[in-house]
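Undergrad: Quick one: this structure, given as structure tokens, is what I'll be asking you about.
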Ligand code: HEM
């Protein structure tokens, strides 16, 4: 069975282009080979077929997890993510975990988190003067939000200890080549070896997380995501174990930290170059604010693909795809298709206030199907609150030309970190 066409360049070259210039690479392969296109990178062992047409995207998102699992791709994260992690599970255990985790991200409960996020955003942005690398500041802010709003850390000392442990532990997880290399070896050659050091850092971090869980159990009735997670009950009415809660907190940390920081840095990068949009944000129209959030996520998605590994051949948009390859809904290409998005490359939030609304399957920054981002409502709320505060800043770009996209491990970030001048 033939795979769709794609670049013949060696995987090493495609990997470099994929990492260094992801937007140009995706645009290039789409222009040359159309949709679908097959790419080969070191990112996965198998070739990857990228789809972007809504019909194909629908089929990818509807694939049966028994023949197209997604959890396996994250196997190397197991030592940090933990055995109960939603990121690693597939099939029924994955669905069960999703049902459990969704509690805090609905309706009133979700909205209750907004004032704390807004206050943390005011504290962060209030101190900005002169040149600011917004990506660095947003990494700091989104971590602060996770520690306070998700983990429910209250005192500065608790926040500082957790922050420090995450910086050291995630330092290793963030370094994907190191993580992969360590996962391959996984031999504890003493506390000074990389794996030994990593294990110790994870143990120390776990100790802190379990203390956090114990504190929240001892003081019920709090208003953090963790407090809501403590109320979960499985089919038999049992509450979650401490280890299970630990894995849920880590999944929310891994899913929600870098992705949100990257999207917010892109928001600053775009706003600084579109003073008209920035000025209109100041009018405090909630519909326009939401349109800006959606447009940032469309035109500069922080994740570019939602991949699944095929264990059996399947049909996608009428096309037969063999087993043993990765298929992916390409979020970046789907949201940049000229046939679906007039002036696709333009940053134009107004499009969201015009009729007709775009096709639901062409706006997919959070992926889709049973693995759609579990924190999407939280991520959008976070962006709204930060942008509401950002509306009052005076922003201009350090250089007029748009920042290019580069990959920082899993997420795509502005290559100069979304640098702006404030004031
Ligand atoms: C703008 C920010 C964010 C973006 C663009 C984003 C995007 C995504 C994407 C594309 C996926 C994979 C979907 C798929 O494979 O179909 C995902 C999964 C996930 N995200 Fe997010 N995310 C963001 C923020 C967050 C936040 C704030 C949280 C938690 C508080 C979170 C938690 C998760 C979790 C737990 C998963 C795994 C879901 C599963 O496997 O069932 N994400 N996210």
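Each value in this text was obtained by applying a stated rule to the coordinates, not by laboratory testing. Given the structure is predicted, the values throughout are model-derived calculations rather than measurements. Cβ: placed from backbone, ideal geometry, glycine included. Neighbour counts: every protein chain shown.
Undergrad: I need to check one value: relative contact order of the chain, counting alpha carbon pairs closer than 8 Å and at least 6 residues apart, in percent.
TA: Working: 641 pairs, mean separation 113.3, N = 423.
27 percent.
Undergrad: Can you sort 230, 264 by how many other beta carbons sit within 10 Å, fewest first?
TA: Least to most surrounded, the residues fall as 230, 264.
Undergrad: Further question on the same structure: What number, in percent, do you get for the relative contact order of the range 1-104 if the mean sequence gap of Cα pairs under 8 Å and at least 6 apart is divided by its residue count? Show your work: numbers first, answer last.
TA: Working: 87 pairs, mean separation 19.7, N = 104.
Relative CO of the range 1-104 lands at 19 percent.
Undergrad: Which distance in nm do the two modelled labels at residue 339 and residue 282 give, with both placed 7 Å along the Cα-to-Cβ direction?
TA: 4.3
Undergrad: Between rounded, prolate and oblate, where does the range 190-337 land on the alpha carbon gyration tensor, with a ≥ b ≥ c its root eigenvalues, rounded for a/c under 1.5, else prolate if a/b exceeds b/c?
TA: On the way: a/c = 1.81, a/b = 1.25, b/c = 1.45.
Since a/c reaches 1.5 but b/c is at least a/b, the shape of the range 190-337 is classed as oblate.
Undergrad: Also, quick follow-up: Under 1.5 on a/c is rounded, so check that first for the chain, then, if it is not, pick prolate when a/b is larger than b/c and oblate when it is not; a ≥ b ≥ c are the square roots of the alpha carbon gyration tensor eigenvalues. Before the final figure, lay out each step's value.
TA: Values: a/c = 1.44, a/b = 1.07, b/c = 1.35.
Rounded shape, in that the Cα axes give a/c under 1.5.
Undergrad: If you don't mind, there's one more thing I want to ask. Using the number of other C-beta atoms within 10 angstrom as an exposure proxy, rank 59, 242 with the fewest first.
TA: Details: 59 21, 242 12.
Result, fewest neighbours first: 242, 59.
Undergrad: Sorted from fewest to most neighbouring beta carbons within 10 Å, what does the list 394, 134 look like?
TA: Ranking 394, 134 by Cβ neighbours within 10 Å, fewest first, gives 394, 134.
Undergrad: Nearest 500 deg cm²/dmol is fine: what mean residue ellipticity at 222 nm does the chain get from its DSSP H runs of n ≥ 4 alone, each adding -39,500 (n - 2.57), divided by its residue count? Walk me through the intermediate numbers first.
TA: Working: 18 runs with 204 residues, N = 423.
Calculated at 222 nm, the ellipticity per residue is -14500 deg cm²/dmol.
Undergrad: Among DSSP bridges having both ends in the chain, what percentage is antiparallel? Round to the nearest 5. Walk me through the intermediate numbers first.
TA: Details: 22 of 26 bridges.
Bridges in the chain are about 85 percent antiparallel.
Undergrad: What's the center-to-center distance, using Cα atoms, between the range 1-76 and the range 311-374 in Å?
TA: A separation of 13 Å, based on Cα centres.
Undergrad: Once the convex hull of the alpha carbons of the range 279-412 is built, what does its volume come to per residue, in cubic angstrom? List each step's numbers first, then the result.
TA: On the way: hull volume 19.7 nm³, N = 134.
In the range 279-412, the Cα hull volume divided by residue count equals 147 Å³.
Undergrad: Would you please classify the overall shape of the range 1-140 from the alpha carbon gyration tensor, given that a ≥ b ≥ c denote the square roots of the eigenvalues, rounded means a/c under 1.5, and beyond that prolate means a/b larger than b/c while oblate covers the rest? Walk me through the intermediate numbers first.
TA: Numbers: a/c = 2.12, a/b = 1.32, b/c = 1.61.
Oblate, because a/c is 1.5 or more while a/b does not exceed b/c.
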